[in-house]
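Accompanying notes for the structure given below.
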Amino acid sequence: MTKNEIKAFLSEKPGYLKEGAERLSEKLNCSVETCRHALKEARIEAKDGSVTNENESVITEFQTFLDKNEIAPDDVKSVKFWQTMSGQQRFSVVTKGDEKSKHELKKEIEDFAAQYSPKVTKIKRQDLKDPCVYEISLPDIHYGKMTGETLEELEANFMNCVQDLVHKGSGLNIEKFLLPIGNDGMNSEGMRQATTKGTPQQDVADWKDTFRGYWRLMVRAIDHLKEIAPVHVIVISGNHDFERMFYAGDVISGWYKNDKNVSVDNDLEQRKYFEYGKNMIMFTHGDKEKPAEMPLIMATEQPLMFSRCEFREAHCGHLHKEMVNEYRGIKVRFLPSICSNDSWHKGMGYEARRTAQAHIWSKERGYEGYLQTNVI
């Protein structure tokens, strides 16, 4: 097709004005360069009034979105467009440079870890009789999600839950804190304003601010806990933040690189395992595996740990509510969340108690229950 023929097509179907040149090239089976020139001229003509006011508004808002996020139109690979219930335009953009951005971000994380990480000696603690591991569990906080709750309010609720659970467990002989983080710790993959698979999301802040705000919040929690007992952090990626959670885990690992009171498990495996005395715990987000198959997955992936341990459980997030099933003596727990509902979940009628839990693991007697705090 010629440039004028492409422009004629865009005039008839102005919705394609917000597509990238590569996407249009695939649609019309013509060269990318010709599509790029045709798109550029067609967009200029659209702004001059060759399209309806409605489409002009969409194009203008889309261009504003690109300018705000410092994205060049030629770098746009694909676009998802949707409209909120209040009529506001929303865009989710995938750029050609996304892969490069990931590597650049990983490099920044590695440089940060190398430059920081002050040495912190291990705090001497008394030998404990009848020790236990205290698992502080607050999955799926969806940091940055548009719920009507500010980031400051979310952070206050998170820290209040951590502190209240620590206070409630003050009578226990806590040998170590177990702190699983992630499980949709952040609401989206960031600049794309979408989940890992591309489902559009609404965030209340810039992707850089939500990334930095999230890992700093985790550091606040870890610093609070490590003054009482050593902390073992387990990083679990969710379906909203699969990539960014790995990056956040590397930042936190670098932050505590030389702190003997904190250890961080951010390895490449999607499912993480923790062994303590006679206990085996598998951590996974829970959006991919079938619950009834998790015991077999545990035995297959960690056969030696499985054989050594008498008490075994799988702890999952994802559902934002408490749900427990037992398969062949192995419990699969879906844990509640303190996350507030957004407008979509409210519209669908979904509702669950905003709750945080702390699970008690005796080295010899196994799982001994949990303590709970509610966000009111």
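Some notes on this structure:
- Two-decimal log10 I(q)/I(0) for segment 103-374, as the Debye equation yields it once each C-alpha is a single scatterer, q = 0.09 Å⁻¹: -0.39
- Pairs from the table (K119/K208; K40/K208; K197/K290) lying more than 24 angstrom apart at Cα are K119/K208; K40/K208.
- Estimated FRET transfer efficiency when R0 is 25 angstrom, pair N160-R328 (beta carbons, to 0.05): 0.05
- For segment 146-227, trypsin sites (Lys or Arg not before Pro) are listed when DSSP marks them as loop and at most 14 other Cβ atoms sit within 10 Å of their Cβ; the list is K197.
- Debye, to nearest 20: dipole size of segment 103-374, +1 on Lys, Arg Cβ, -1 on Asp, Glu Cβ: 640 debye
- Cross-link pairs beyond the 23 Å C-alpha cut-off, checked among K278/K331; K13/K77; K129/K168; K122/K278; K129/K176; K176/K257: K122/K278
- Using the empirical formula 2.2 N^0.38 Å as the baseline, the Cα radius of gyration of segment 218-312 reaches a ratio of 1.18.
- Cβ-defined net charge surrounding E155, 11 Å radius [Lys, Arg +1; Asp, Glu -1]: -1
- Size of electric dipole in segment 255-328: Cβ of Lys, Arg +1 and of Asp, Glu -1, about Cα centre, debye, nearest 20: 100 debye
- Taking other C-beta atoms within 10 Å as the exposure proxy, S188, S263 rank S263, S188 from fewest upward.
- Ranked R353, R312, R36, criterion: other C-beta atoms within 10 Å, fewest first: R353, R36, R312
- Residue order, fewest to most surrounding Cβ atoms within 10 angstrom, among V332, V79: V79, V332
Values quoted throughout were computed directly from the atomic coordinates according to the rules given, and no laboratory measurement underlies them. Nothing here was measured: the structure is a model prediction, and the numbers come from that model. Methodologically, a virtual Cβ is constructed for each residue, glycine included, from the backbone with ideal geometry; neighbour enumeration extends over all protein chains shown.
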